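The values are calculated or read from the model by the stated rules, or taken from the named source; none is laboratory data. Given the structure is predicted, the values throughout are model-derived calculations rather than measurements. Cβ sites come from the backbone with ideal geometry, for glycine too, and all protein chains shown count toward neighbours. The protein model used for the area step is the full one, side chains on, heavy atoms only, and it has no ligands, DNA or RNA in it. Shrake-Rupley method; radii C 1.70, N 1.55, O 1.52, S 1.80 Å.
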Amino acid sequence: MGLSLNKLLDLALLMAISLFIGWYFYDAYRELASVENLILIAPVASLTLVLCAAEFIRNLREKELNPKKMESIRDSIPVMVIFAGYILSLEYIGFDVGTTLFIAIFLRLHGELRWQWIILYSVLFGLIMSYFFSQMLPYPMPMSLFPTDY
Amino acid sequence: MNPFDLIDFASASGAIHMLFSVPQNWLVVIPGILIGLLFGATPGLQISMAMAIFMPMTLYMDFLQAMLFLTAIFTGGSFGGGVPAILMNIPGTSSAIATAFDGYPMAQQGKHNEALGLALAASTFGVLFGHLLLFMLIKPLSTMVLKIGPQEMFFIILWGITLIASLRGDHMLKGLIAGFVGLLLGTIGFNEEGTLRGAMGSEYLMDGIPVVPAMMGMFAASELFRLVKTDYLHEDESVRHVRLSKIMHGFRLAFKYPVVLMRGSMIGIIIGAIPGIGSSVSNLISYMETKRGDKDPSSFGKGNPKGVVASESANSSSEAGSLATLLALGIPGGGATAVMLAAFAMHNITGGPQFIREQTDVVYAIIFANFGQVFLLILLGLLSLPVLASIVKIRMNYLIPSVLALATLGAFGLTGNLAGPITVLVFAIVGWFFRRYDYSVPGAVIGMLLGRMAESSLLHTYQISGGKLSYIFERPIALGILILMLVSLFSPILIKKFKEYRAKSDVLKA
């Protein structure tokens with residue numbers, strides 16, 4: 001039986017959810033096997049695992065999904081990667097530089113070809129918003145150009 | 001019963017004093033309405049998204065100001081969503097889907113100004129009527145909910161989650177899974193007994209997952225990942241011409257359909273009050289009911305003004321309905337009230353009968369502020385329509401990274417460390433997968449918000465009952481909620497089976 005990539009990903013997500021629930025139940029049980037600790041986790045986790053198994057069987061029996069209804073994975077994954085890069089780099093390059101770079105890279109990869117616009121918008125937005133938040137928040141933010149006590 | 005017994009006049013007078021003795025309270029309403037209008041009018045950006053992104057700003061406000069700001073966003077957004085629905089057949093939010101059915105055909109006939117006026121009038125009437133009813137009923141409601149104990153609360157939470165699941169139609173199982181996963185995620189961290197669960201050794205997770213950044217990721221960022229290939233929302237020049245005189249004509253026209261206005265508002269309140277449903281469904285039900293009861297149902301979908309009135313009055317009055325559930329029970333009716341619940345928690349406030357009883361003046365002040373918001377909405381709505389109509393020309397490649405960056409900055413503002421932005425990232429990816437494979441994102445978010453409350457309600461029930469299961473049968477309200485929950489869970493399946501059976505017998509007879 002040949003399964004499409006979409007169907008495989010759908011089933012993989014279900015498996016990942018089941019694994020997470022199984023792990024969380026085990027972790028809570030290992031921590032303290034008392035009624036007070038497991039009063040919600042045990043029944044909800046067990047019921048959800050049963051539902052996951054039922055959904056798995058239903059999904060396998062179901063006809064293939066219509067790929068036209070879904071957005072392309074190829075379109076969304078690069079955005080997730082850029083966004084992840086932005087967030088994970090904040091510790092090192094700060095919000096001011098990070099936000100400016102994130103917006104500039106996003107614009108360039110998504111059809112904006114005018115460099116002067118990319119630079120103008122990303123620098124203005126990135127620096128103004130980061131500076132505004134760094135001044136407004138009661139705790140230090142990681143910044144490069146406008147250093148705080150972070 | 002004397003209707004005046006329903007109102008606590010001393011608290012009402014305290015509420016008026018509270019609102020007008022501190023004029024700064026009103027300063028947050030204007031930006032709130034404008035943000036709501038802007039987000040509502042931008043397709044792909046939801047009202048709940050706006051509320052989640054701007055919630056960090058409420059850290060600097062007192063509780064009343066925070067509520068005024070968030071309800072103003074809701075009020076603005078409920079009208080803003082109708083603007084692109086009318087002008088371009090693209091509902092700005094899920095609560096304006098039915099507005100497009102007749103609003104867009106009106107725009108095609110060159111009556112977009114009248115349709116915008118109709119939408120504005122119906123929205124303002126919905127907000128006013130809904131909050132008036134809430135003002136009348138909140139006191140008896142608080143007395144009624146006093147009979148609700150931890151067991152009833154637990155069943156209400158479960159009922160809310162099963163309701164969301166039952167709305168998923170063919171994906172009910174996935175809806176339930178999402179809700180229950182949310183419940184479990186909500187219990188991560190230390191419990192009441194001091195046991196640490198699921199923290200994976202991270203000190204950031206000891207107090208649980210930061211819910212608001214998670215909500216930003218699930219609601220806002222995951223949706224933006226999906227819109228990445230959308231270039232422009234609309235470029236047609238003709239949709240930009242906005243005439244005030246014609247809008248005012250449409251505004252007056254709405255009041256020629258008082259039955260449609262009243263029915264839409266009532267439907268909005270009732271549906272809005274049911275946990276997990278809200279304005280996304282109420283506009284459709286109101287539209288369908290108006291069409292069903294009309295002398296000329298065939299005119300709907302071709303530019304009938306009643307269609308716009310029915311949809312907009314229902315989605316706007318839903319705010320009052322969901323606010324009733326939030327205030328009386330501490331349970332959010334939908335995405336927007338889920339954000340409000342998080343704001344409650346940020347200000348150390350727990351919604352519920354005790355809150356209504358002890359802080360009736362604050363509750364009344366929130367309601368009265370919504371009366372004021374109605375008039376501000378008319379004014380700001382009229383002034384901002386020319387701008388709102390042009391939002392749809394903004395390229396998405398500028399909008400998406402700007403909103404994502406704002407969410408990141410806002411999440412840092414909430415947690416004070418990078419745990420906030422990382423939570424946004426993780427839940428944006430989870431939310432993207434959930435949306436793609438038909439798991440209920442609102443179900444997961446509401447589950448996450450209520451996880452801790454569900455656990456402590458169940459624990460208190462266990463302690464009160466001494467572990468006896470028969471205790472359920474001694475609590476008629478709990479039993480009633482349990483039955484309602486089972487009905488809402490199994491009725492869609494039974495109705496579907498019955499229809500299949502009817503269709504089969506019809507074929508056999510033929």
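In chain B, Cα pairs under 8 Å separated by at least six residues give a relative contact order of 27 percent. Straight-line cross-link partners of residue A:7 among the lysines, defined as a Cα under 17 Å from its Cα and at least 8 positions apart when in the same chain: A:63, A:68, A:69, B:174. Counting only protein heavy atoms and using a 1.4 Å probe, the accessible area of residue B:396 comes to about 0 Å².
Rounded to 0.05, the FRET efficiency of the residue A:136 and residue B:371 pair, given R0 = 35 Å and the Cβ-Cβ distance, is 0.70.
With a 1.4 Å probe rolled over the protein heavy atoms of all chains, the accessible area of B:499, B:295 falls in the order B:295, B:499, largest first. Ellipticity at 222 nm from helices only: DSSP H runs of n ≥ 4 in chain A, each -39500 (n - 2.57), divided by the residue count, give -26000 deg cm²/dmol. The charge dipole of the protein assembly as shown, taken about its Cα centre with unit charges on the Cβ atoms of Lys, Arg (+1), Asp and Glu (-1) only, comes to about 2180 debye. The residues of region A:1-21 listed by number as losing at least 10 Å² of accessible area in the complex, against the isolated chain and with a 1.4 Å probe, are A:6, A:9, A:10, A:13, A:14, A:17, A:20, A:21. In this structure, residue B:463 and residue A:128 have a Cβ-Cβ separation that, at R0 = 45 Å, corresponds to a calculated FRET efficiency of about 0.25.
Across all directions, the average projected area of the convex hull around the alpha carbons of the protein assembly as shown is 32.8 nm². Between the residues B:377, B:498, B:340, the greatest Cα displacement towards the positive end of the dipole of chain B, with unit charges on the Cβ of Lys, Arg, Asp and Glu, is found for B:498. The shape of region A:5-61 comes out prolate: with a ≥ b ≥ c from the C-alpha gyration tensor, a/c is at least 1.5 and a/b beats b/c.
Cα centroids of region B:261-275 and region B:318-341: 13 Å apart.
Please report, in debye to the nearest 20, how large the charge dipole of chain B is about its Cα centre when each Lys and Arg carries +1 at its beta carbon and each Asp and Glu carries -1 there.
So the magnitude is around 1460 debye.
Per residue, how many Å² of accessible area does chain B show with a 1.4 Å probe?
The answer is 37 Å² per residue.
Element breakdown for the protein assembly as shown at a 1.4 angstrom probe: carbon and sulfur atoms account for 67% of the accessible area. The distance separating the Cα centre of region A:1-26 from that of region B:60-128 comes to 39 Å. Rounded to the nearest 10 square angstrom, residue A:18 shows an accessible area of 30 square angstrom against a 1.4 Å probe. Note on B:412-422: average number of Cβ atoms from other chains within 10 Å of each residue's Cβ is 4. Take the Cα of residue B:502, go 7 Å toward its beta carbon, and the backbone nitrogen atoms of region B:292-309 under 18 Å from that spot belong to B:292-293. The mean sequence separation of alpha-carbon pairs under 8 Å and at least six residues apart, normalised by the residue count of chain A, gives a relative contact order of 19 percent. When A:47, A:127 are compared by accessible area at a 1.4 angstrom probe, the order from most to least is A:47, A:127. Once the chain from residue A:105 to residue A:81 is taken as fully extended at 0.36 nm per residue, the excess over their C-alpha distance is 7.5 nm.
The length gained by stretching the chain between residue B:345 and residue B:294 to full extension, at 0.36 nm per residue less their Cα-Cα distance, is 13.9 nm.
Ignoring ligands, DNA and RNA, how do A:110, B:17, B:460, B:131 rank by accessible area with a 1.4 Å probe, largest first? Don't jump to the answer; show the numbers that get you there.
On the way: A:110 40, B:17 130, B:460 70, B:131 0 Å².
Sorted descending by solvent-accessible area, the residues read B:17, B:460, A:110, B:131.
Using the Cβ-Cβ distance between residue A:119 and residue A:145 with R0 set to 22 Å, the FRET efficiency from 1/(1 + (r/R0)^6) comes to roughly 0.90.
Quick check: from the Cα gyration tensor, does region B:469-510 come out rounded (a/c under 1.5), prolate or oblate? Judged from the Cα gyration tensor, region B:469-510 comes out prolate (a/c at least 1.5, a/b above b/c).
Spin-label model, residue B:472 to residue A:16: label points 7 Å out along the Cα-to-beta-carbon direction sit 3.5 nm apart. Here residue A:113 sits with roughly 120 square angstrom of accessible surface, probe radius 1.4 Å. In a simple Cβ point-charge model (Lys, Arg +1; Asp, Glu -1; nothing else charged), region A:5-61 has a dipole of about 300 debye relative to its Cα centre. Taking all protein chains into account, the per residue accessible area for region A:29-132 stands at 56 Å² (1.4 Å probe). Along chain B, the longest continuous region that contains none of the GluC sites (Glu not before Pro) in a DSSP loop with at most 13 other C-beta atoms within 10 Å is B:236-510.
Could you state how much accessible area is buried at the B-A interface, both sides summed, with a 1.4 Å probe, in Å² to the nearest 100?
6000 Å²
Quick check: from the Cα gyration tensor, does chain B come out rounded (a/c under 1.5), prolate or oblate? Here chain B falls in the rounded category. Length gained on full extension, residue B:62 to residue B:30, computed as 0.36 nm times the residue gap minus the Cα-Cα distance: 9.8 nm.
Shown for chain B are the DSSP H helices of 27 Å or more along their axis, judged by Cα atoms, with a mean Kyte-Doolittle hydropathy of at least -1.0: B:112-145, B:305-329, B:360-391, B:396-415, B:441-465, B:476-509. Sites listed here are chymotrypsin sites (Phe, Trp or Tyr not before Pro) in region B:301-384 whose DSSP assignment is loop and whose Cβ has at most 10 other Cβ atoms within 10 Å, and the list is empty.
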